Amino acid sequence: MLRVFLKKIEEFLLEREEEMAKQCKISPKEVENEITKVLLKIKETKEQCKEYQKEFEYLLDKLHWIKARAIQCQNELKKEIEK
């Protein structure tokens with residue numbers, strides 16, 4: 001819900017700035033500053049995604065190891081029962 005609200009605010013602000021640009025009421029420098037902010041945010045987001053991906057890959061590796069160990073235990077238990 002909050003995400004939708006923020007998206008609408010962003011769209012409103014972009015439309016407002018676009019209208020200001022059409023009326024020559026905004027400087028290119030102001031827009032360049034906004035572009036720089038967005039590019040930095042993109043960079044930060046990519047870095048965060050890489051960190052999250054590494055964490056998930058670590059969890060996935062551990063879970064695969066745990067599953068393999070569980071299968072091994074299950075097989076050992078079957079062998080014990082068959083004796």
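Conditions tested, residue by residue: (1) surrounded by 10 or more Cβ atoms within 10 Å (Cβ to Cβ); (2) assigned to a helix (DSSP H, G or I).
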{"position": "Val4", "(1), (2)": "no, yes"}
{"position": "Lys7", "(1), (2)": "yes, yes"}
{"position": "Leu13", "(1), (2)": "yes, yes"}
{"position": "Glu17", "(1), (2)": "yes, yes"}
{"position": "Met20", "(1), (2)": "yes, yes"}
{"position": "Ile26", "(1), (2)": "yes, no"}
{"position": "Glu30", "(1), (2)": "yes, yes"}
{"position": "Asn33", "(1), (2)": "yes, yes"}
{"position": "Thr36", "(1), (2)": "yes, yes"}
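Look through Leu60, Leu40 and report the one residue that is more than 17 Å from the chain's Cα centre (by Cα) and modelled with pLDDT of 95 or more.
Leu60
The values are calculated or read from the model by the stated rules, or taken from the named source; none is laboratory data. If you're wondering where the values come from, they're calculated on a predicted model, not measured in any experiment. Positions of Cβ are backbone-derived with ideal geometry, glycine not excepted, and every protein chain shown enters the neighbour counts.
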